[in-house]
Amino acid sequence: MSSSLSYSLNGYHGIILPGPSVGLDVNGNVAKHIFISHAHADHLPRDRNMHVYASAATEKLMRIRGFKGDVTTLAFNKPIELDTCRVTLYPAGHILGSAMIGVECDEGHILYSGDYRNPPSPVSEGFDCPDTVDYFITEATFPLPIYKWKPHEELFRGIRDFALECLETDTTPVFLCYNLGKAQEVMHALAPLKKRVQIHGAGYKLSQVYSEMGYDLGVYESYNKDTVQEGRILVTPSSSVEQPMVRNIRRKKLAYVSGWAAHESRRSQLTVDKLIPLSDHIDFFNLLDLCRKLNPKTVYLTHTPNPAVVQHYLEKEGIHALPLNMEAHDEE
């Protein structure tokens, strides 16, 4: 078995494994078997009519986002035997339905992370992975030691406290976060308050999938300009800050919810009142821990603005690491 993996890149996020003819988050019919890790826009194929494999929740979210092709849904931790390989989806903890994809073929056991989070998001199916693999293809969106996430419950308390402080002064709390995954985490954090939440219209449809699958998002409704200032909490993407839905709220305070909120500079860049560094990606330290656990022959680093630091730390521990030239993209 070779110490290097045969692969090719497909656009800025897709990977093709030519041996088993498997495509991972690819943009078209470029392989015999195509797997989608999750329903964020930067991981979905531009061809909306092809056949893919995905988790059941990912299929539901993909349909809302316009996918019209055939989807073979796979349960987590239940391998499927194909003509070229054996594939298993593992819950990735990133958003609802997100999966790490394990491919066992002649080249060895390959694990593709997609986007992932451990400890997992409370509004996901959790996190699991194999004990060991031969090759690990992992995102490294947050590749520096400054990225060490606080526990979810600590961040959730901050979300609730901000909302209550605003409402007590007749001010509308506005949480800026993307519509799929982060919005639902924020709503889940707010649910114990039993306050009415309004969410951007696109996020509302996605949130209904979470509710249908048993996740508590509290009391929520789609954005309504006539009632948003009547004691509601607003959850909406950062892109709406300059739109009337946010600009026309007379009394408001803005909270930016993202792993990038770890940078104080974001406060002035976005003109927000509070930074909440809640991420749905793995932090630097948990990434290193997982690589140690899996102990692969090679780690391939993707979706990272700076692979050199992670590569340095892994090489120090005797884990061979290589960057793949794939850009980091945020859902927003």
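A short reminder: the numbers here are calculations on the coordinates, not readings from a lab. Note that this is a predicted model, so its numbers are computed, not measured. Cβ coordinates were reconstructed from backbone atoms using ideal geometry, including for glycine residues, and neighbour counts include every protein chain displayed.
Let's see if you can work this out: charge +1 on each Lys and Arg Cβ, -1 on each Asp and Glu Cβ, no other charges. What is the dipole magnitude of the range 178-235 about its Cα centre, in debye to the nearest 20? All intermediate terms of the calculation are to be shown ahead of the outcome.
Details: 7 positive and 6 negative charges, 25 e Å.
It works out to roughly 120 debye.
Once the dipole of the range 152-276 is set up with Lys and Arg at +1 and Asp and Glu at -1 on Cβ about the Cα centre, which of Leu176, His188, Val246 lies farthest towards its positive end?
Of the candidates, Val246 comes out farthest on the positive side.
What order do you get for Val209, Val310 when you list them from fewest to most C-beta neighbours inside 10 Å?
Details: Val209 21, Val310 24.
Ordered from fewest to most neighbouring Cβ atoms within 10 Å, Val209, Val310 come out as Val209, Val310.
How would Met187, Met50 line up from fewest to most surrounding beta-carbon atoms within 10 angstrom?
Met50, Met187
For a bin width of 5 Å, list the pair-distance distribution of the range 152-276 built from all Cα-Cα distances, rounded to whole %.
2, 12, 24, 27, 21, 11, 3, 0
Give the relative contact order (percent, whole number) for the chain; include only Cα pairs under 8 Å separated by 6+ residues.
Details: 753 pairs, mean separation 54.1, N = 332.
Computed value for the chain: 16 percent relative contact order.
Considering only Gly11, Gly181, Gly114, give the residue with the highest GNM mean-square fluctuation for the chain, with springs between Cα atoms whenever their separation is below 10 Å.
Gly11
Under 12 Å from the Cβ of Ala189, count the other residues' Cβ atoms, weight Lys and Arg +1, Asp and Glu -1, and hand me the total.
Here the charged neighbours net out to -1.
Evaluate the distance, in nm, between pseudo-label points positioned 7 Å from the Cα of Glu168 and of Ser240 along their respective Cα→Cβ axes.
About 2.6 nm separates the two model spin labels.
Among Thr298, Tyr215, Leu234, whose Cα projects farthest towards the positive end of the dipole of the chain, with charges put on the beta-carbon of Lys, Arg (+1) and Asp, Glu (-1)?
Of the listed residues, the answer is Leu234.
Give the distance, in whole Å, between the Cα centre of the range 234-252 and the Cα centre of the range 36-63.
29
Nearest 20 debye, what's the magnitude of the dipole of the chain about its Cα centre given +1 on Lys and Arg Cβ and -1 on Asp and Glu Cβ? If you can, show how the numbers build up before the last one.
Working: 33 positive and 40 negative charges, 211 e Å.
In debye, rounded to 20, the chain gives about 1020.
Running Debye on the range 142-185 with equal point scatterers at the Cα sites and no solvent, what base-10 log of I(q)/I(0) appears at q = 0.24 Å⁻¹?
Log10 of I(q)/I(0), two decimals: -0.98.
Enter the Cα centre distance for the pair the range 148-167 and the range 264-299, rounded to the nearest angstrom.
So the two Cα centres are separated by 18 Å.
Once phi is turned into θ = phi - 60°, what whole-Hz ³J(HN,Hα) does the Karplus curve with 6.51, -1.76 and 1.60 give for every residue of the range 107-124, x standing for Gly and Pro?
These are the phi-based 3J(HN,Hα) values: 6, x, 9, 10, 10, 9, 7, x, 9, 8, 8, 9, x, x, 4, x, 10, 9 Hz.
How many Å³ per residue does the convex hull of the Cα positions in the range 266-326 occupy? Please report the intermediate quantities before stating the final value.
On the way: hull volume 6.6 nm³, N = 61.
Roughly 108 Å³ of hull volume per residue.
Work out, step by step, the length gained on full extension between Lys316 and Asn224: first 0.36 nm times the residue separation, then minus their alpha carbon distance; give nm to one decimal.
Values: separation 92, 0.36 × 92 = 33.12 nm, distance 5.41 nm.
Gain in length upon complete extension: 27.7 nm.
Expressed as a fraction of 2.2 N^0.38 Å, the rule-of-thumb size for a compact globular protein of N residues, what is the C-alpha radius of gyration of the chain?
On the way: Rg = 20.2 Å, N = 332, 2.2 N^0.38 = 20.0 Å.
Taking the Cα Rg and dividing by 2.2 N^0.38 Å, one obtains 1.01.
Under 11 Å from the Cβ of Pro18, count the other residues' Cβ atoms, weight Lys and Arg +1, Asp and Glu -1, and hand me the total. Kindly include the intermediate steps, with their values, before the conclusion.
Numbers: positive: Lys32; negative: Glu107.
Summing Lys and Arg as +1 and Asp and Glu as -1 gives 0.
Using only C-alpha positions, report the orientation-averaged shadow area of the convex hull of the range 116-223, nm², one decimal. If you can, show how the numbers build up before the last one.
Numbers: hull surface 34.8 nm².
Mean orientational projected area (the range 116-223, Cα hull): 8.7 nm².
Once the piece of chain linking Val309 and Asp42 is laid out straight, how much longer is it, given 0.36 nm per residue of separation minus the C-alpha distance between them?
On the way: separation 267, 0.36 × 267 = 96.12 nm, distance 2.44 nm.
Result: 93.7 nm gained on full extension.
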